[in-house]
Amino acid sequence: MVGTTSKKQKLSPGVEANVKACQNVLKALKKSHVSAPFAVPVDWKALNLPLYPKMIKHPMDLGTIEKKLLAGRYSAVSDFAADISLVWDNAQTFNSDGSEIYDAAAQLRELSDAQLSGVSPGPLSDGGGGGGSGYGGSR
């Protein structure tokens, strides 16, 4: 393999369509008026949340998901969907039922489930790994 360049690698048409569909899911989520707290990683130190890293073992946010998608780090739509679900799971694990963040996560989970239901299961990279069961919804 030759060194990585800054140019995007050409993807097969099916993979390109899946990546575009996932980008549209992220775009819809980011447009929501309640999505701001989920756009970047939780800065638990700045927010003085010392229990956060003890309770949340696999942090995830929409910005990280977008970076992973654009970098080709998801092999299948189901992997992308799992990370989306992880954002909401983490928020609802750490925050109390009825809190603003908990409720925003519930609202965004519904939106993401609806958006993902229109995305065909399949690969997000040409390196194989596309099968999986597709997106099966949350839990």
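The values are calculated or read from the model by the stated rules, or taken from the named source; none is laboratory data. Note that the structure is predicted; figures quoted are calculated from it, not measured. Side chains are part of the model used for accessible areas, which takes the heavy atoms of the whole protein and leaves out ligands, DNA and RNA. Shrake-Rupley method; radii C 1.70, N 1.55, O 1.52, S 1.80 Å.
Computed quantities for the displayed model
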{"quantity": "Extension gain from Ser96 to Ala17, taking 0.36 nm per residue of separation minus the Cα-Cα distance", "calculated": "24.7 nm"}
{"quantity": "Accessible surface of Val40 - all protein chains present, 1.4 Å probe, nearest 10 Å²", "calculated": "90 Å²"}
{"quantity": "Solvent-accessible area of Lys30 with every protein chain in place, 1.4 Å probe, in Å² to the nearest 10", "calculated": "90 Å²"}
{"quantity": "Accessible area in the full protein assembly, largest first, 1.4 Å probe, for Lys10, Lys27", "calculated": "Lys10, Lys27"}
{"quantity": "Exceeding the 22 Å Cα-Cα cut-off - candidates Lys31/Lys54; Lys10/Lys68; Lys27/Lys57; Lys20/Lys57", "calculated": "Lys31/Lys54; Lys27/Lys57; Lys20/Lys57"}
{"quantity": "Volume in Å³ per residue [convex hull over Cα atoms, computed for region 1-128]", "calculated": "130 Å³"}
